[in-house]
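Student: Take a look at the following structure, please.
The values are calculated or read from the model by the stated rules, or taken from the named source; none is laboratory data. Because the structure is predicted, anything quoted here is derived from the model rather than measured. All Cβ positions, even for glycine, are placed from backbone atoms using ideal geometry, and neighbour counts span all protein chains on display. Note: accessible area is taken over every heavy atom of the protein model, side chains too, but ligands, DNA and RNA are not part of it. Shrake-Rupley method; radii C 1.70, N 1.55, O 1.52, S 1.80 Å.
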Amino acid sequence: MSSTPKLRVGYVREHFSSPLLQLAEKDQSIELVECPSGTGQVMSRIKANEIDVAIALTESLLAGIAKKTAEFKLVGTYVTSPLQWAVIVGKDATKYQKLSDLKGEKIGISRIGSGSQVMASVMALNEGWTDADGKVSPIDFEVLDTFKALRDGVNNGKAAAFMWERFTTKPYLDEIRFIDFVPTPWHSWAVVASPSTLESSSPLRPVLESFLSNLTTSIRAFDSTEARSKDSVEFVKSTFGYPEEDVRAWFDQVSYPQGEVKEIERAMVEKTFKTLEAAGVLQEPAEGWTLDNFVDTSVAKFT
C-alpha cells in the first residue's frame, strides 16, 4: 500500500519564513524546497512541477497568474503587513544619493516577474517617472539572478541599483548602501497551490488543507505576545544570525494573519491589481478582472 506523497512547499529562506520552518520541524507531511532567487524561481518551480505549494510575494504571484507565467491559484495569506523594500546601490556609487538619481538608469532584478522587478515599477510610479498618458516609462532591467549577484552587480557597474527586503540586506552594509525604502501597498506574502494539488481527487488535497490549518497554528504560536518578547526573537536570531535590535525592529513592523491563513481579503487583491496596472506591470483586460479566477474558493475564504 503506497503512502501519501509529501506536500512540496516552495519558500524563500528569510526571517518571514520562521513559522513555516518551525512547522516543518514537526510536520512530516511536508517537504520544504528552498527558492533562493525569490518569487520568480518559485513560479519556475511550480511550472516545472518541482513544488506543489508556495509562499511568496503577493504582487508577483498575482501578476504571474494574470500573465500565465505558471498555473496556480491563491489559497491563503501569510503576512499581512507591507514589505519594506530597500533601494540599494554600490558602496562607492556616490552619484546615486536619492531615488531621482536612478531615473533612466539600469535596475538589477533577480528574475523576470520577480518582486524586485515589480517593485522597481512601483517605485517608478511613486516617483512620477511616467509619460504624458501617466504610464510608467520603460525601465532598463538587468537580470542578475541571485542576491549575491545583485550585490556584486551594483558594485561592478552591471546595474545602478536593485531592490531587496530591508532586514535581509542590512547585514551586507559593508558592501552596499541604502538610499531609500519603498513599502508595498498590499499584504506582502501569500500562499498558492498548483492545479494538480487542488484537484478534489488529488491525494495531496487533504494534505494541503491540513497544511493550511497547521500553518495557522504555527503562526499563532510564533506571533503570540509572549513569543514575540523572547522565544520568537531567539529563533530568528539563531536561525538567521541577525542582531537582536534588528529582530525586535522587524517584529515592531511585521504582522501575520489574525484569523486563518486560508482567509484572503478581496479588497487587498483589488488594490494590488489597481497598483500593478498603474505601474505598468499589468494591463486590465477589456472585460475586467474576474478576481475569483485568481483564488481557489474551494479551499480559501475569499471575502
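Student: Taking the Cα centre of the chain as origin and charging only Cβ (+1 Lys, Arg; -1 Asp, Glu), how large is the dipole, in debye to the nearest 20?
Tutor: Once rounded to the nearest 20, the dipole reads 260 debye.
Student: Moving on. Quick one: net charge of Gln258's neighbours, Cβ under 11 Å, K/R +1, D/E -1?
Tutor: Numbers: positive: Arg220; negative: Asp223, Glu260, Glu263.
Summing Lys/Arg as +1 and Asp/Glu as -1 gives -2.
Student: Quick one: which residues, 5 or more positions from Ser255 or on another chain, have an amide H under 5 Å from its amide H? H modelled 1.01 Å from N in the peptide plane, none for Pro or chain starts.
Tutor: Thr80, Ser81
Student: Compute the Rg/Rh shape ratio of the range 67-166: radius of gyration over Kirkwood radius, all on alpha-carbon atoms.
Tutor: Working: Rg = 14.5 Å, Rh = 14.6 Å.
Rounded to two decimals, Rg over Rh is 1.00.
Student: Placing +1 at every Lys and Arg Cβ and -1 at every Asp and Glu Cβ, with all other atoms neutral, what dipole size does the range 1-74 have around its Cα centre, in debye to the nearest 20? Walk me through the intermediate numbers first.
Tutor: Values: 9 positive and 9 negative charges, 50 e Å.
Value, rounded to 20: 240 debye.
Student: When the helices in the chain are scored as -39500 (n - 2.57) per DSSP H run of 4 or longer and the sum is shared across all residues, what 222 nm value do you end up with, to the nearest 500 deg cm²/dmol?
Tutor: Details: 12 runs with 113 residues, N = 303.
Estimated from H runs of four or more residues: -10500 deg cm²/dmol.
Student: Sticking with this one: Would you please classify the overall shape of the chain from the alpha carbon gyration tensor, given that a ≥ b ≥ c denote the square roots of the eigenvalues, rounded means a/c under 1.5, and beyond that prolate means a/b larger than b/c while oblate covers the rest? Intermediate results must be reported in sequence, preceding the final value.
Tutor: Working: a/c = 1.80, a/b = 1.28, b/c = 1.40.
Oblate is the answer for the chain, as a/c is 1.5 or above yet b/c matches or exceeds a/b.
Student: I'd like the orientation of helix 231-240 relative to the chain: the angle between its Cα long axis and the longest Cα principal axis, in ° from 0 to 90, rounded to 10.
Tutor: Relative to the chain, helix 231-240 is tipped by roughly 60 degrees.
Student: Next question, about the same structure. Which percent of the accessible area of the chain is formed by carbon and sulfur heavy atoms (probe 1.4 angstrom)?
Tutor: Details: 6250 of 13460 Å².
Summing carbon and sulfur atoms, their accessible area is 46 percent of the total for the chain.
Student: From the P(r) of the range 165-234, could you give the percentage of C-alpha pairs in the tail past 15 Å? Present the calculation step by step, with values, prior to reporting the outcome.
Tutor: Details: 1767 of 2415 pairs.
Percentage above 15 Å: 73.
Student: Rounded to whole Hz and in sequence order, give me ³J(HN,Hα) for the range 68-74 from the Karplus expression 6.51 cos²θ - 1.76 cosθ + 1.60, θ = phi - 60°, writing x for Gly and Pro.
Tutor: Going residue by residue, I get 6, 4, 7, 8, 5, 9, 5 Hz, with x marking Gly and Pro.
Student: Let me ask something else. Which one, Asp246, Asp145, Asp133, has the greatest fluctuation when you compute a Gaussian network model over the chain with C-alpha springs under 10 angstrom?
Tutor: Taking springs between Cα atoms under 10 Å, the residue moving most is Asp133.
Student: Report the calculated FRET efficiency for Ala221 and Ser196 (r = Cβ-Cβ distance, R0 = 35 Å), to the nearest 0.05.
Tutor: Working: r = 31 Å, r/R0 = 0.87.
Step by step, r from the Cβ atoms, then E = 0.70.
Student: Greater than 26 Å separation of Cα atoms is the criterion. Which listed pairs, Lys67/Lys135; Lys103/Lys158; Lys98/Lys158; Lys67/Lys274; Lys6/Lys148, meet it?
Tutor: Working: Lys67/Lys135 19 Å; Lys103/Lys158 16 Å; Lys98/Lys158 19 Å; Lys67/Lys274 15 Å; Lys6/Lys148 31 Å.
The pairs that break the limit, which is 26 Å between Cα atoms, are Lys6/Lys148.
Student: With the Cα gyration tensor of the range 183-303 giving a ≥ b ≥ c as the square roots of its eigenvalues, does the rule (a/c under 1.5 for rounded; else a/b larger than b/c for prolate; else oblate) give rounded, prolate or oblate? Before the final figure, lay out each step's value.
Tutor: Values: a/c = 2.59, a/b = 1.39, b/c = 1.86.
Cα axes put the range 183-303 in the oblate bin.
Student: Enumerate the amide H contacts of Trp189 below 5 Å, restricted to partners 5 or more residues apart or on another chain; note that Pro and chain-start residues carry no placed amide H.
Tutor: Residues meeting the amide H criterion: Thr58, Tyr78, Val79.
Student: Rolling a 1.4 Å sphere over the protein heavy atoms, what is the accessible area per residue of the chain, to the nearest Å²?
Tutor: Values: 13460 Å² over 303 residues.
Here the per-residue accessible area is 44 Å².
Student: If you project the alpha carbons of the range 250-303 onto the principal axes, what extent comes out on each, in Å, largest first?
Tutor: 39, 30, 13 Å, listed from the longest principal axis down.
Student: May I ask which residue of Leu23, Thr225, Val87 lies farthest towards the positive end of the charge dipole of the chain, with charges of +1 (Lys, Arg) and -1 (Asp, Glu) on Cβ and the Cα centre as origin?
Tutor: Projecting each Cα onto the dipole axis, the largest value belongs to Val87.
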